[in-house]
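Here's the structure, in structure tokens; my notes come after.
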Amino acid sequence: MLERSNNILKHIGITALTRPLSMFLSFVQIRFMVTYLGNEKYGIWATLLSIMSWISGCDMGIGNGLRNRLGMAFSSKDEESAKEYIATSYFIVFTVSLILFIIGVVISLFIDWQKIFNSVVFGKVDYLLIILLNLFFVCVNFISAICNQIFYAHQEAAKVGFNQLTSQILFLPLLMLLMKKNDGNLILLSLFYGGTIFISNICWTMTFFYKQKEFRCGLRNIKRKRIGDVMGLGGRFFIMQISTIIIFTTDNLLITQFFGPTKVTAYDIVYKLFSLISIGHNIILLPLLSGFTDAYVKSDIKWITKTLKILIYFQFIIILICIFFAVLSQWIIKLWISRELFIPEHLILFMSIYMMISTWNGIFSSFLNGIGDITLSMIVSAIQGAINIPLSIYLAKYFGISGIILGTIFTLSISSVTSSLQTFFILKKGEIE
């Protein structure tokens with residue numbers, strides 16, 4: 001128990017040092033991109049990233065399935081099973097990525113992207129090139145980003161932060177080079193953005209297998225039985241991922257369709273500001289997920305209960321931070337973007353409430369996902385995904401773009417109750433046994 005806690009604290013400490021730098025670079029990049037692209041093109045870029053996240057979320061839950069199964073193999077010190085899970089997951093993800101790319105290319109040829117983005121700032125051919133380039137990098141990075149799940153499973157969450165930081169350091173000078181042209185070229189921006197993520201993923205993958213030679217694997221380690229293990233659990237994660245995509249990434253597209261891409265900029269900037277809170281929260285949660293897996297395999301209910309209590313007490317600090325952000329957000333955004341930006345009424349208030357609920361849910365989802373007990377979460381997620389879009393559209397009629405996030409608040413409120421109650425009953429059952 002002490003070894004597990006020390007390892008988690010070590011990676012939380014390292015991440016706490018690297019993540020602020022990563023967040024700073026992210027904010028600098030957003031400021032530069034708003035300047036480089038302008039409001040309308042930046043709105044298109046933000047919407048485009050949302051669309052691409054739908055595709056990246058269609059990994060059939062393989063990433064989460066791998067993390068969970070591989071974490072159990074690591075905890076049991078079963079090197080052969082670990083190699084089989086890694087090799088099989090690479091095979092599955094490669095196959096899924098290839099299929100997704102082919103389907104995506106065919107579908108893209110028949111879509112009028114000017115209507116999707118509600119803008120003619122780019123020609124139809126340019127839109128198609130931008131979409132296909134981003135689709136290519138999404139699919140390629142499907143494969144290269146498996147290293148992140150391996151790091152999580154190996155309880156080395158800090159390395160995921162280093163990976164992200166590396167890609168940002170590579171991307172920033174290229175973005176500054178683009179700004180000299182000042183032509184708002186989304187094709188070059190997409191090339192540099194996706195390319196730097198790919199290069200970083202490859203470098204960190206090589207680092208892991210160089211240091212952990214015992215986990216090097218090849219085609220001989222691909223096992224049919226492991227496909228069932230990863231995909232069985234991954235299938236349930238996949239349903240949750242689809243619901244998450246609907247809840248968290250459709251907002252920009254809805255705003256684009258109903259209010260135009262220019263309105264996306266204000267919404268996205270406010271969202272990015274408040275996402276600092278969830279990013280900081282995840283510094284703690286992400287290393288804990290595999291810690292929960294390890295503790296549950298070893299029946300260490302006492303450690304799990306103690307850890308969850310600390311997280312719940314910490315939630316009161318999160319609430320205070322959300323209130324602080326709500327009060328100062330207008331001033332922070334003006335300082336950050338260096339331009340006047342109209343923020344719709346209620347948007348900041350609703351965004352702060354959304355972040356309070358989202359971080360609360362994160363506490364219990366990290367535990368439930370870590371132990372693989374996600375059947376109830378899957379059902380609730382499906383219900384949430386079904387009601388989120390119609391509810392957000394309905395509320396948008398009365399609150400404008402602020403109604404979009406209000407719909408998400410009502411949707412997330414369901415799981416804030418069910419996930420906490422489920423966790424309580426699981427731990428009570430464990431204590432009795």
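Give me the accessible area per residue for the chain, probe 1.4 Å, as a whole number in Å².
Value returned for the chain: 45 Å² of accessible area per residue.
For the full complex of protein chains and a 1.4 angstrom probe, list 270, 297, 125 by accessible area with the highest value first.
Ranked list, largest accessible area first: 125, 297, 270.
Could you check the spin-label model distance between residue 387 and residue 202? Points 7 Å from the Cα along Cα→Cβ, value in nm.
4.7 nm
Mind checking which aspartates and glutamates have their C-alpha under 13 Å from residue 225, skipping anything on the same chain fewer than 8 residues away?
Within reach: 84.
If a/c stays under 1.5 just call it rounded; otherwise compare a/b with b/c (prolate if a/b is bigger, oblate if not). Do that for segment 55-177, with a ≥ b ≥ c from the square roots of the Cα gyration tensor eigenvalues.
It comes out oblate by the Cα gyration axes.
Specify the angular offset, from 0 to 90 degrees and rounded to the nearest 10, of the alpha carbon long axis of helix 62-75 from the longest principal axis of the alpha carbons in the chain.
30 degrees
Enumerate by residue number the chymotrypsin sites (Phe, Trp or Tyr not before Pro) in segment 331-429 meeting two conditions: DSSP loop (anything except H, G, I, E, B), and at most 10 other Cβ atoms within 10 Å of the site's Cβ.
Within segment 331-429, the qualifying chymotrypsin sites (Phe, Trp or Tyr not before Pro) (loop, at most 10 other Cβ atoms within 10 Å) are 342.
Return the inverse of the average 1/r over all pairs of distinct C-alpha atoms in the chain, which is the Kirkwood hydrodynamic radius, in Å to one decimal.
The answer is 22.6 Å.
What is the angle, in °, between the Cα long axis of helix 402-432 and the longest principal axis of the Cα atoms in the chain? Nearest 10 is fine, range 0 to 90.
0 degrees
Which of the pairs 77/211; 272/397; 309/429; 334/397; 41/124; 77/159 have their Cα atoms more than 26 Å apart in this structure?
Over 26 Å Cα-Cα: 334/397.
Give me the angle, in degrees from 0 to 90, between the Cα long axis of helix 186-211 and the longest principal axis of the Cα atoms of the chain, rounded to the nearest 10.
20 degrees
Please work out whether segment 309-380 counts as rounded, prolate or oblate from its C-alpha gyration tensor, where a ≥ b ≥ c are the square roots of the eigenvalues and a/c under 1.5 means rounded, while otherwise a/b larger than b/c means prolate and anything else oblate?
Note, shape of segment 309-380 comes out prolate.
Within 10 Å of each candidate Cβ there may be at most 11 other Cβ atoms; applying that plus a DSSP loop requirement, which chymotrypsin sites (Phe, Trp or Tyr not before Pro) in segment 252-290 survive?
Within segment 252-290, no chymotrypsin sites (Phe, Trp or Tyr not before Pro) qualify (loop, at most 11 other Cβ atoms within 10 Å).
When the helices in the chain are scored as -39500 (n - 2.57) per DSSP H run of 4 or longer and the sum is shared across all residues, what 222 nm value do you end up with, to the nearest 500 deg cm²/dmol?
It lands at -30500 deg cm²/dmol.
Can you check what the Kirkwood hydrodynamic radius comes to for segment 351-433, Cα pairs only, in Å to one decimal?
One over the average 1/r among Cα pairs gives 13.7 Å for segment 351-433.
With the cut-off at 1.5 for a/c, could you classify segment 183-231 from its C-alpha gyration tensor as rounded, prolate or oblate?
Oblate, since a/c reaches 1.5 and b/c is not below a/b.
The values are calculated or read from the model by the stated rules, or taken from the named source; none is laboratory data. Quick caveat: nothing in here was measured; it's all calculated off a predicted structure. Every residue, glycine as well, gets a Cβ built from its backbone with ideal geometry; the counts of neighbours run over all protein chains shown. These accessible areas exclude ligands, DNA and RNA; they are computed on the full protein's heavy atoms, side chains included. Shrake-Rupley method; radii C 1.70, N 1.55, O 1.52, S 1.80 Å.
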